[in-house]
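Read through the structure below, which is laid out as structure tokens, and then see the notes.
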Amino acid sequence: MPWIIIAAIATASSVTVLALVNVYLYSRYKERFLKLWAFAWGVHVCRYLFLILSVLWPANLVFKEINYLCIIASAVILLAGTRNFIGSAPGHGFTSTGTVLALWTIGTVSAGLSTLYTIIPIFAFLAFTYIRIGIQVLKQAEQGETASRVVGWLFIAWGIHQADYPLLRPIEWFAPWGFLIGSVLATGIAIGMILIYFERMHRGLQEKEMRHLNLIESSHNWIWEVDANACYTFASPQVKELLGYAPEQVIGKTPFDLMPEEEASRIRTIFAGISSRRESFHRLENTNRHKDGRLVVLETSGVPYFDGHGNFLGYRGMDQDITEHKQAETRREVSREVLQVLNEPGDLKVSVQRIIDLIKVKLDFSAVGIRLQEGEDYPYWSQSGFPQAMLEQENTLVERSADGGLCRDQDGKVRLECTCGLVISGQVPQGHPNVTPGGSFWTNDSFLLLGFPPDQDPRHNPRNVCMHRKYASLALVPIRYKDKIVGLIQCNDHRKDRFTPESLQHLEGIAAYVGAALMRKWSEEERVTLENQLQQAQRMESIGRLAGGVAHDFNNMLGVIIGHAGLGLMDTAPGQPIHLHLQEIYKAAERSADLTRQLLAFARKQDIKPQVLDLNETIAGMLKMLQRLIGEEIHLCWQPGSKIWPVKMDRSQIDQIMANLCVNARDAIASVGNITIKTGTVSVDDTYRLHHPEAAHGEYVWISVSDDGEGMDRETLSHIFEPFFTTKGVGAGTGLGLATIYGIVTQNRGFINVISEPGLGATFTIHIPRHSGVDEAGVQQEEVQELPRGRETILLVEDEPAILQMTTMLLESLGYVVLTAGSPSEAIRLAQRGPGSIDLLMTDVVMPEMNGRDLAGAVTKGHPRLKCLFMSGYTADIIAHHGVIDDGLFFIQKPFSLPVLAAKLREVLEQV
């Protein structure tokens with residue numbers, strides 16, 4: 001067998017393997033250049049088959065022609081595949097050249113020309129083609145592509161080998177080596193091209209993977225993959241941002257491991273149904289627990305994936321954080337429910353408690369509470385989630401001194417402590433990052449407040465109880481009523497980062513809703529209270545008019561009794577039996593006069609002489625008397641307030657108030673007990689009047705008397721200021737003590753608060769307006785040792801005959817000349833034609849025809865130096881405003897005794 005046949009078979013076998021490799025690669029990857037390469041190498045195999053046939057049958061020129069044509073065709077096709085591989089457009093010039101060469105080859109072989117005429121153009125074309133391809137491959141080689149450079153040089157080497165083939169082929173010993181070299185170069189090029197393909201495919205896969213990773217990393221969503229058991233096999237870095245876990249911490253866990261228990265059970269059931277049907281799922285909402293404990297709402301979508309045989313492997317998908325969206329939705333829902341609750345009829349406190357529970361559950365806070373103003377403090381009105389020990393510790397916000405009194409600032413406002421006090425007082429530092437424009441304070445890390453230096457902490461006496469209770473996130477939102485802060489909503493959570501500016505705006509909206517509801521409720525309560533107060537005032541005024549009228553008439557009768565009894569005592573010796581009877585009559589009449597004075601005090605028709613007083617000094621001077629009054633078995637505790645303001649009122653009225661209150665407190669205590677007297681100051685504004693609508697605006701000094709006795713129910717409280725109303729047994733009280741206090745306080749433009757519960761004692765708090773005028777000394781009447789007498793002429797005017805007769809006798813007994821008149825008109829006639837001068841006009845105030853003041857004006861026209869003394873059972877408003885005697889007028893209250901009358905006459909007549 002000739003050597004060329006053996007070389008052709010060996011080379012054809014290696015090229016066949018390459019063709020089959022390219023066929024397999026094309027079937028897998030469907031790349032066009034692989035198809036062209038496979039076809040080129042297949043044609044190249046045919047070339048060797050026809051070479052063998054041409055050797056076996058040399059006379060058959062067809063085999064030789066096909067051999068040469070296969071060489072040309074395989075070169076053109078290989079060139080086309082290579083250009084496709086490197087990304088160049090097909091070369092039409094090469095195709096045309098190949099066609100011309102094919103025709104030339106057929107012509108030369110058919111014409112029987114020398115073989116050199118045939119093979120030189122063919123192999124020149126091949127040499128040029130392979131060298132050109134080699135150069136292009138080298139140019140296209142990217143950095144790091146070793147295979148591309150090797151293939152490029154192999155093509156160049158093969159091209160050179162093709163060029164020398166016509167010259168070296170006739171050398172017999174070299175011909176086999178030429179075939180071998182060509183086969184090796186062709187095989188190397190083929191293998192190199194495959195390596196280039198795989199190298200570029202690998203790089204493309206790397207770039208694709210990197211691109212995918214970049215896309216994953218640039219996404220805000222968490223990309224994940226789970227196996228058939230729902231265990232994570234891949235987690236993108238976004239899981240750290242969404243749930244706080246590193247990707248490697250999630251691998252091996254299931255989605256249900258990251259959810260609260262109830263949510264995990266719900267989602268596991270849903271996912272089991274979807275997975276069993278191998279279905280895709282979209283926008284499945286689920287709640288997850290962040291690593292720090294807070295809840296995160298995710299929206300999950302996923303698709304199943306399978307292996308090449310259709311076996312289910314798991315799911316791939318992504319999670320989107322919709323927490324903010326859900327929170328906004330939840331906030332809108334909460335706002336709707338809050339408005340719905342507040343607009344429902346019923347007890348507001350129950351509604352507010354429902355709102356607190358709603359905020360706590362829907363917004364997922366550890367504790368929520370509402371503070372509202374009560375007096376000058378702001379205790380918790382309603383709450384949910386706070387420990388009882390903390391409530392007891394934090395319930396009050398006011399700062400107190402060592403003696404228990406309220407501490408005030410330079411403006412007289414009570415000082416409020418800690419952060420709650422800072423918000424309620426409206427003193428939060430504007431512009432601070434933790435303060436909203438609406439005056440709310442919030443922090444997502446309250447423990448930072450513990451590091452504030454005292455000179456930089458805006459809070460007054462910070463307690464930091466919330467921090468010590470491990471509440472990391474705090475929000476304090478003021479509640480306003482009529483542009484005043486009347487409380488706050490407090491939201492606490494043990495987790496950090498629970499609040500955002502948007503959530504604070506939402507809470508401020510809820511606070512506005514609560515404030516509006518409080519305004520409606522308090523306005524309605526204020527309206528009802530004012531109506532009740534009006535009805536009570538009208539009732540008390542009616543009773544007062546009745547009591548005043550009765551007292552006036554009774555006083556007239558008592559005046560006659562006291563006057564005649566006094567005259568009788570002057571005319572009888574002490575040893576006579578009648579003297580003793582007259583003394584008892586006189587004492588009984590005086591006691592009755594005291595009773596009428598109490599009635600007049602209730603009716604606010606008692607005459608008073610106000611003076612500037614320090615209530616601490618006044619009450620301190622009464623303590624021994626009060627202790628004797630209540631007895632030794634009851635402890636009297638005196639707690640005066642510091643730096644209280646002065647008041648202006650009659651000292652005797654303070655005596656009446658304290659005596660009556662202490663006696664009532666004593667009677668309310670069964671055996672032993674305590675009575676506590678306190679004083680202090682308060683400023684009444686709109687906020688204060690929310691809970692005390694009976695108070696007028698202004699500054700007041702208050703006196704409180706508290707006991708630990710049996711207390712009173714509401715029914716009793718509604719009647720305590722009515723005259724003759726008493727809870728004591730028959731003969732144990734007149735029922736005028738509290739009525740007298742009511743009259744005194746009202747006469748002095750003050751008001752009274754009473755707090756009492758059955759079994760819990762009672763506290764009466766009297767409020768007297770602050771006096772801001774110049775201090776004045778009280779007028780002290782000196783005790784008269786003997787009756788002063790006179791000889792002046794007195795015009796006595798009284799429409800009651802008995803009083804006129806009795807008063808005449810008293811005046812004459814004192815040495816005065818008396819002109820009597822039973823009516824104003826008679827008095828005027830006497831004054832006009834009476835002999836000599838009249839020194840004093842002594843007239844009743846309330847009379848037919850005209851009142852005493854008008855009478856005095858008519859009489860003094862003819863007697864300009866005439867002095868006047870008014871007398872009455874009550875002052876009315878003829879000579880007094882609200883019971884306070886007008887300056888420059890003299891008044892004597894009926895009934896009066898002879899010593900009182902004698903002293904008053906000299907006081908009037910001797911005035912310069």
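The values are calculated or read from the model by the stated rules, or taken from the named source; none is laboratory data. None of the values given here were measured: they were computed from a predicted structure. Glycine gets a Cβ as well: all are built from the backbone with ideal geometry, and neighbour counts include every protein chain shown.
Remarks
- Of the residues Leu814, Leu819, Leu787, the single one that is aliphatic (A, V, I, L, M), at pLDDT 90 or above and either in contact with a Pro (Cβ under 9 Å, 6 or more places away or on another chain) or in the same structural domain as Tyr688 (by TED's automatic domain parsing) (or both) is Leu814.
- In the set (1) more than 30 Å from Trp638 (Cβ to Cβ); (2) modelled with pLDDT of 85 or more; (3) aliphatic (A, V, I, L, M), Val398 fails one condition alone, (1).
- The residues on offer are Ile561, Ile578, Ile543, and the sole one that is more than 30 Å from Leu372 (Cα to Cα), at pLDDT below 75 and outside the structural domain of Met871 (by TED's automatic domain parsing) is Ile543.
- Count of segment 244-270 residues which are under 37 Å from the mean Cα position of the chain (by Cα), loosely packed, with under 15 Cβ neighbours inside 10 Å and among the small types (Gly, Ala, Ser): 2
- Scope segment 144-183; condition of a type in the set (S, T, N, Q), at pLDDT below 75 and either farther than 19 Å from Ile120 by Cβ or in a loop (DSSP other than H, G, I, E, B) (or both); matching residues: Ser183
- Residue count for segment 805-827 satisfying the condition of being within 15 Å of Leu567 (Cα to Cα), out of contact with any Leu (no Cβ under 7 Å at 6 or more places or on another chain) and part of a helix (DSSP H, G or I): 3.
- Screening segment 271-317 for residues that are charged (D, E, K, R) and within 19 Å of Ser236 (Cα to Cα) and picking the one that is farthest from the chain's Cα centre (by Cα) gives Arg316.
- In segment 661-678, the qualifying residues are those that are surrounded by fewer than 22 Cβ atoms within 10 Å (Cβ to Cβ) and touching a residue at least 60 places away in the same chain (Cβ under 8 Å), and the one that is farthest from Leu626 (Cα to Cα) is Ala668.
- Residue within segment 497-520 that is of a type in the set (Ser, Thr, Tyr) and either farther than 30 Å from Ile356 by Cβ or at pLDDT below 70 (or both) present: no
- Residue in segment 221-235 that is part of a helix (DSSP H, G or I) and not hydrophobic (A, V, I, L, M, F, W, C) present: no
- Residue in segment 239-259 that is assigned by TED's automatic domain parsing to the domain that holds Gly310, touching a residue at least 12 places away in the same chain (Cβ under 8 Å), among the charged types (D, E, K, R) and touching a Cys at 6+ places or on another chain (Cβ under 9 Å) present: yes
- Some residue of segment 368-378 being touching a Lys or Arg at 6+ places or on another chain (Cβ under 7 Å), touching a residue at least 60 places away in the same chain (Cβ under 8 Å) and crowded, with 17+ Cβ neighbours inside 10 Å: yes
Results for (1) touching an Asp or Glu at 6+ places or on another chain (Cβ under 9 Å); (2) polar (S, T, N, Q), shown as yes or no for each residue.
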{"site": "Lys253", "(1), (2)": "no, no"}
{"site": "Arg266", "(1), (2)": "no, no"}
{"site": "Arg289", "(1), (2)": "yes, no"}
{"site": "Gly293", "(1), (2)": "no, no"}
{"site": "Ser301", "(1), (2)": "yes, yes"}
{"site": "Tyr315", "(1), (2)": "yes, no"}
{"site": "Ile322", "(1), (2)": "yes, no"}
{"site": "Lys326", "(1), (2)": "yes, no"}
{"site": "Val341", "(1), (2)": "no, no"}
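- Close pairs from segment 263-275: first in the same structural domain as Gly302 (by TED's automatic domain parsing), partner of a type in the set (D, E, K, R), Cβ under 9 Å, at least 6 apart: Glu263/Arg289; Ala264/Asp257; Gly273/Glu279
- The condition of being buried (at least 22 other Cβ atoms within 10 Å of the Cβ) and in contact with a helix residue (DSSP H, G or I) (Cβ under 6 Å, 6 or more places away or on another chain) holds for only one of Leu61, Leu34, that being Leu34.
- Every residue from segment 386-434 that is of a type in the set (Asp, Glu), out of contact with any Ser or Thr (no Cβ under 9 Å at 6 or more places or on another chain) and touching a residue at least 24 places away in the same chain (Cβ under 8 Å): Glu394, Glu399
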